[in-house]
Amino acid sequence: MKKLVIYPPVDNLRLQRILDAAQDMVVVNAADQATADEAIVEATAFFGKLTPQLLERAKKLEWVQSPTASLEHYLFPELVAHPCQLTNMRGLFYDVIADHVLGYVLMFARNSHIYLRQQMQSRWEPVGGEEARADFVNGPGQVNAIDRGALHLADCTLGIVGVGSIGGEIACRARAFGMHVLGVDPVRREIPDVLPEIWPIRQLPDLLASSDFVVIAAPHTPETEKLFSAQQFQQMRDSAYLINIGRGAIVDLAALTTALEAGQIAGAALDVFEVEPLPADHALWGMENVLITPHVAAASPRIAERHTETLLENIRRYINGEEFLTPADKQKWF
């Protein structure tokens, strides 16, 4: 008999949908630790926050569903070694985070990050200087300093580090703006009609040297931790912008700060940080060429429904003996 234990418990609305999908499978929506401890012994499936203590009591566990896409905080040695299949919640945020990234790109390209700050000061000052503006006599027949202060996106290259569901959607949106797109990934090798060739990770230096915008869309894994440090910033163009919507642990914050202060890169847009919240006295807050958002790139009223649908689909596949929608490799953390 298959048995699903949920802990912490879910609300009644989600529970009813889970019961409908589970059909004849026993479902225990554990209201407290004691109930979860008792129910896990005979459980074949689990959804929620699995702890070493719960796993130690489990005798029949076949499948564990993480409530999050990221797994660095979820995994522990006993779970990695356990024969159960782990699934995660990847694929929920692809379009939402891609929108956030293109928002960053557009702000830098059109100098909106500068103009917003000037608006707060009631200051009219185009990048390049008012004196460079084309007049009504001559028109825009020559490129002026204001023109040179903006980026033409169709002339720019966007490099993506981690071309999963999020990175792939970023590529689609960048292509819609006419941008040239590059990508590196440990697994994926192409996106038909969007990115015909995705390079292996060893070609990261080539991507960095060729990109006007470098977007980190990779998960936190043993291989990506501090993947970006002093060497990587030296490999980037001094006119390039770093965008991180992946995980804060991927970027050495001290090295990034040093690179920005030294002018090694043109700027950065950051939604995630090594330390969150970013300390109020950190130097990044005062940099005009830095955009900071408080880990909100994934925010959308659509995500909760997608979260539930992913769980329900994996339940359906589990009871029917089918391949899971979101299987994860416990050794690789994704």
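Calculated accessible area for segment 287-332 comes out at 54 Å² per residue, all protein chains present (probe 1.4 Å; ligands, DNA, RNA ignored). Looking at segment 6-85, the trypsin sites (Lys or Arg not before Pro) that sit in a DSSP loop and have at most 13 other Cβ atoms within 10 Å of their own Cβ are Lys59.
Only beta bridges with both residues in segment 174-326 are counted; by DSSP, about 5 percent of them are antiparallel. Modelled spin-label separation between Glu130 and Trp285, with each label point placed 7 Å from Cα along the Cα-to-Cβ direction: 3.3 nm.
In this calculation the C-beta distance from Glu223 to Arg57 is compared with R0 = 35 Å, giving a FRET efficiency of 0.60.
Compute the Cα gyration tensor for segment 1-40, then decide on rounded, prolate or oblate, letting a ≥ b ≥ c be the square roots of its eigenvalues: rounded whenever a/c is under 1.5, prolate when a/b is larger than b/c in the other cases, and oblate in all that remain. Because a/c hits 1.5 or more and a/b fails to exceed b/c, segment 1-40 counts as oblate.
Using only the C-alpha atoms, the convex hull of the chain corresponds to 173 Å³ per residue.
Return one number: the angle in degrees, 0 to 90 and rounded to the nearest 10, between the long axis of the Cα atoms of helix 165-176 and the longest principal axis of the Cα atoms of the chain. The helix 165-176 is inclined about 30 degrees to the chain. To the nearest 10 degrees, how steep is helix 94-109 against the longest Cα principal axis of the chain, on a 0 to 90 scale? Between the helix axis and the principal axis of the chain, the angle is about 20 degrees.
Counted over segment 276-334 with a bin width of 10 Å, the fraction of Cα pairs per bin, in whole percents, is 17, 26, 25, 19, 11, 2. Here the gap between Ala230 and Thr68, fully extended at 0.36 nm per residue and compared with their Cα-Cα distance, gives a gain of 55.3 nm. Restricting to the chain, what percent of DSSP beta bridges are antiparallel, rounded to 5? Within the chain, antiparallel bridges account for around 10 percent of the total.
Using a Cα-Cα cut-off of under 15 Å, which aspartates and glutamates could be cross-linked to Lys59, ignoring same-chain neighbours fewer than 8 residues away? Qualifying aspartates and glutamates at Cα under 15 Å: Asp37, Glu38, Glu42, Glu78. Of the GluC sites (Glu not before Pro) found in segment 164-254, those that fall in a DSSP loop while having at most 11 other beta-carbon atoms within 10 Å are Glu197.
The values are calculated or read from the model by the stated rules, or taken from the named source; none is laboratory data. Computed from a predicted structure; not experimentally measured. Every residue, glycine among them, receives a Cβ derived from its backbone with ideal geometry; neighbour counts consider all protein chains shown. We work out accessible area using only protein heavy atoms, side chains counted, and drop any ligands, DNA or RNA first. Shrake-Rupley method; radii C 1.70, N 1.55, O 1.52, S 1.80 Å.
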